[in-house]
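Structure record follows, encoded as structure tokens.
The values are calculated or read from the model by the stated rules, or taken from the named source; none is laboratory data. In this text the structure is predicted, and so the values were computed from the model without any measurement. Please note: Cβ atoms are built from the backbone with ideal geometry, for glycine as well, and neighbour counts cover all protein chains shown.
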Amino acid sequence: MPGGGVVAVHGTTDVNRIEAPVTVKAYLIVAFAAFGGIFFGYDTGWMGGVLGMKYFIKQYTHKEYPEVLYPDTSSAQYTAYKKDFKIPAWEQSLTTSILSAGTFFGAIIAGDVADMIGRRITIITGCFIFAIGCILETASTSVGVMAAGRIIAGAGVGFISAIVILYMSEIAPKKVRGAVVAGYQFCITIGILLANCVVYATQNRLDTGSYRIPIAVQFLWALILGTGLAILPESPRFFVKKGKLDLAAKALSSVRGQPVDSEYIQDELAEIIANHEYEMSIVPQTTYLGGWANCFKGSLSDGSSNIRRTLLGIGMQMMQQLTGINFIFYFGTVFFQQLGTISNPFLISLITTLVNVCSTPVSFYIVEKLGRRTILLYGSMGMITMQFIVGIIGDTAGKADKHNHSAVSAMIAFICLNISVFAMTWGPAAWIVIGEIFPLTIRSRGVGLSTSSNWFWNCIIAVITPYLVGTDKHDANLGSNIFFMWGGLCCVSLVFVYFLVPETKGLSLEQVDKMLEESSPRTSAKWKPHSTFAQEMHLAEKQIEIPVEHVSDKTVEA
Ligand code: BGC
């Protein structure tokens, strides 16, 4: 449409036309955003390894290396001194868990910011904040600066982890939305693996490179994601929320790879506009605080009320953490060593992280084929089985004093199977669901709150589990019985999914809204779209016209 003009948006009554066909370029755009998962994974992955590095310990504690003070490494003094040659527990706990504090607040604040300045710019801002945190972490030679760096980098990760999900869910084509967001989880797992590899490569260096290299590598992620997003289009749904319909049309044209004045683009845009109008008519936007209060409005017994959706998102992420997966990633090394078969800590983390990486792609297929709800149910059942088996073997043939290697190997195999089940189901599906259940009016805050719940529980687990499996006087010394606890919590997650999680597979975000109104979680999988919002809101009669005067080409970049 050279020269510009206006496009009248009528919408469609055909439920199959509410999304424009998609080109390869559009798939590439959403796939790129998944890269944000690398931050998440890498940042949670490097700290444990760095805290155990000899040079790092010397620098932070000002203690001499054990072998320098006591060259006779078989002496009792050497052994006693080596035992104490570590970062004090409280500093370890502070530097590890402070990341979660930063991410917790980062994710909540990002929800607000994404509604003000847009999803794309919020993620770019997250990359900047993260880079500042990285500079402090890299420069640090004391716990104070490191902790400050961690909290700032954490805030950046909070921004990125919440808003990438939001951005991807809003621009991904409905047929592959689940698979695309599962790609984000895949990147998380690759991030964890990369962190383990880099830490392994530098751990024996006796200079600052030992910890500075693994930290500094992260700049690369910030650079790639920040630069990439500077080129990518904004989410059209953000522009609709802001009432900037011309920009929404351009952005939609870009993410679908279709001309801005094509009927497909108009129909999809009409549906987003009509749905937003509908949501606004139910819960009008008020003040800033009123906007937050809206996240908790409605009745608890109504599956489509805002409060139910917010609690569902928060609960979903809580249950994901309570599956105990991070117990394995954070404390697996110690646990496997206690079992006595594998003594090389790197080999242990390599095995667990590789199982995690290799199993995740299965979810790309099953999340679209079987659906979110179904794989979550199977995931809970699978993890209950694996974890109870580990607990039972641990209490019988696998008991430490029995030195039964086959039994211990079986426990390790079931722990790996448990990781695999998580990676195919709860790992990706928890993120997919939180991107899909919120209406546009509260979506960004809802996703922010849900993501912060993930980090909150992540932190709680990091802080309490050492005491649960610790063998000191006041520790619970649960040993492999801890798997009964995680298995029990997976039983709770099964009930949670059965009663509360709806099936969102194959629906547009606007159709999810309608489905939540017209079905219960248990009947949701059978629900079929039967009308469009454009039809219900009588959009055609409203004669909404979108100025497209800046449009000089048929396929525009936003
Ligand atoms: C979880 C993380 C976990 C990771 C493992 C993510 O979905 O939120 O806490 O470490 O999966 O792959």
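I'd like to check something: does the range 420-442 contain any residue that is more than 16 Å from the ligand (Cβ to nearest atom), surrounded by fewer than 18 Cβ atoms within 10 Å (Cβ to Cβ) and either modelled with pLDDT of 90 or more or more than 25 Å from S508 (Cβ to Cβ) (or both)?
no
Condition check ((1) touching an Asp or Glu at 6+ places or on another chain (Cβ under 7 Å); (2) of a type outside the set (S, T, Y); (3) without any contact (Cβ under 8 Å) to a residue 40 or more places away in the chain) across all residues:
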{"residue": "S343", "(1), (2), (3)": "no, no, yes"}
{"residue": "I348", "(1), (2), (3)": "no, yes, yes"}
{"residue": "T353", "(1), (2), (3)": "no, no, no"}
{"residue": "V357", "(1), (2), (3)": "no, yes, no"}
{"residue": "F364", "(1), (2), (3)": "no, yes, no"}
{"residue": "L377", "(1), (2), (3)": "no, yes, no"}
{"residue": "I384", "(1), (2), (3)": "no, yes, no"}
{"residue": "Q387", "(1), (2), (3)": "no, yes, no"}
{"residue": "I393", "(1), (2), (3)": "no, yes, no"}
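How many residues does the range 496-518 hold that are free of Cβ contacts under 8 Å to residues at least 40 places away in the same chain and surrounded by fewer than 18 Cβ atoms within 10 Å (Cβ to Cβ)?
Counting residues in the range 496-518 that are free of Cβ contacts under 8 Å to residues at least 40 places away in the same chain and surrounded by fewer than 18 Cβ atoms within 10 Å (Cβ to Cβ) gives 2.
Among the residues of the range 221-236, count how many are among the hydroxyl-bearing types (S, T, Y) and within 17 Å of F39 (Cβ to Cβ).
Qualifying residue count for the region: 1.
Name the residues in the range 263-315 that are modelled with pLDDT of 90 or more, over 26 Å from the mean Cα position of the chain (by Cα) and among the polar types (S, T, N, Q), would you?
Once the filter is applied, which keeps residues that are modelled with pLDDT of 90 or more, over 26 Å from the mean Cα position of the chain (by Cα) and among the polar types (S, T, N, Q), the range 263-315 yields S299, S301.
What tally of residues in the range 32-45 results from selecting those that are within 12 Å of P214 (Cα to Cα) and at pLDDT 85 or above?
2
Give me a count of the residues in the range 107-120 that are in contact with an Asp or Glu (Cβ under 9 Å, 6 or more places away or on another chain) and free of Cβ contacts under 8 Å to residues at least 40 places away in the same chain.
0
Is it the case that the range 290-306 has a residue that's out of contact with any Leu (no Cβ under 7 Å at 6 or more places or on another chain), touching a residue at least 40 places away in the same chain (Cβ under 8 Å) and surrounded by fewer than 19 Cβ atoms within 10 Å (Cβ to Cβ)?
Looking through the range 290-306, at least one residue is out of contact with any Leu (no Cβ under 7 Å at 6 or more places or on another chain), touching a residue at least 40 places away in the same chain (Cβ under 8 Å) and surrounded by fewer than 19 Cβ atoms within 10 Å (Cβ to Cβ).
Give me a count of the residues in the range 305-318 that are within 16 Å of the ligand (Cβ to nearest atom) and among the basic types (K, R).
Qualifying residue count for the region: 0.
Yes/no matrix, rows are residues, columns are (1) farther than 30 Å from A201 by Cβ; (2) away from the ligand (no atom under 16 Å from the Cβ):
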{"position": "Q285", "(1), (2)": "yes, yes"}
{"position": "G291", "(1), (2)": "yes, yes"}
{"position": "S299", "(1), (2)": "yes, yes"}
{"position": "G303", "(1), (2)": "yes, yes"}
{"position": "Q320", "(1), (2)": "yes, no"}
{"position": "T323", "(1), (2)": "yes, no"}
{"position": "N326", "(1), (2)": "no, no"}
{"position": "V334", "(1), (2)": "no, yes"}
{"position": "V357", "(1), (2)": "no, no"}
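Restricting the first residue to the range 189-210 and requiring it to be under 15 Å from T353 (Cβ atoms) and of a type outside the set (A, V, I, L, M), which pairs with a second residue that is within 16 Å of the ligand (Cβ to nearest atom) and not in a helix (DSSP H, G or I) meet a Cβ separation below 9 Å and a spacing of at least six or different chains?
T189/T360
Six or more apart or on different chains, Cβ atoms under 9 Å: show the pairs whose first residue is in the range 22-44 and closer than 17 Å to F130 by Cα and whose second is away from the ligand (no atom under 16 Å from the Cβ) and of a type in the set (V, I, T).
Filtered contacts from the range 22-44: A33/I123; A33/I171; F35/I224; G36/I123; I38/I224; Y42/V198; Y42/V217.
Which one of these is more than 25 Å from F104 (Cβ to Cβ), out of contact with any Ser or Thr (no Cβ under 7 Å at 6 or more places or on another chain) and surrounded by fewer than 24 Cβ atoms within 10 Å (Cβ to Cβ): G257, G243, G209?
Of G257, G243, G209, the one residue that is more than 25 Å from F104 (Cβ to Cβ), out of contact with any Ser or Thr (no Cβ under 7 Å at 6 or more places or on another chain) and surrounded by fewer than 24 Cβ atoms within 10 Å (Cβ to Cβ) is G243.
Are there any pairs, at least 6 apart or on different chains, whose C-beta atoms fall under 7 Å, with the first in the range 70-90 and more than 16 Å from K58 (Cβ to Cβ) and the second assigned to a loop (DSSP other than H, G, I, E, B), and if so, which?
Pairs that qualify, where the first residue is more than 16 Å from K58 (Cβ to Cβ) and the partner is assigned to a loop (DSSP other than H, G, I, E, B), are Q77/Y70.
If the requirement is being more than 22 Å from the chain's Cα centre (by Cα), at pLDDT below 90 and over 21 Å from L225 (Cβ atoms), which of these qualifies: A89, A101?
After applying the criteria, what remains is A89.
May I ask you to verify whether L339 is of a type in the set (A, V, I, L, M) and at pLDDT 95 or above?
Against the criterion (of a type in the set (A, V, I, L, M) and at pLDDT 95 or above), L339 does not qualify.
Counting just the residues of the range 14-45 that are more than 16 Å from the ligand (Cβ to nearest atom) and among the polar types (S, T, N, Q), which one comes out nearest to Q92 (Cα to Cα)?
It comes out as T23.
Exactly one of these conditions fails for P284: (1) part of a helix (DSSP H, G or I); (2) free of Cβ contacts under 8 Å to residues at least 12 places away in the same chain. Give me its number.
(1)
Considering only residues of the range 452-508 that are out of contact with any helix residue (DSSP H, G or I) (no Cβ under 8 Å at 6 or more places or on another chain) and among the aromatic types (F, W, Y), which is farthest from V367 (Cα to Cα)?
If we take residues in the range 452-508 being out of contact with any helix residue (DSSP H, G or I) (no Cβ under 8 Å at 6 or more places or on another chain) and among the aromatic types (F, W, Y), then Y467 is farthest from V367 (Cα to Cα).
Can you name the residue in the range 191-206 that is among the β-branched types (V, I, T) and under 18 Å from T96 (Cβ atoms) and, of all such residues, is surrounded by the fewest Cβ atoms within 10 Å (Cβ to Cβ)?
The qualifying residue surrounded by the fewest Cβ atoms within 10 Å (Cβ to Cβ) is V198.
Can you spot a residue in the range 19-36 that is of a type in the set (S, T, N, Q) and more than 30 Å from D207 (Cα to Cα)?
There is at least one residue in the range 19-36 that is of a type in the set (S, T, N, Q) and more than 30 Å from D207 (Cα to Cα).
Would you point out the residue of the range 105-118, among those that are crowded, with 21+ Cβ neighbours inside 10 Å and at pLDDT below 95, that is farthest from I461 (Cα to Cα)?
Ranking the candidates gives D115 first.
For the range 138-167, name all the residues that are crowded, with 24+ Cβ neighbours inside 10 Å, small (G, A, S) and under 30 Å from D207 (Cα atoms).
Result: G149, A153, G154, A155, G156.
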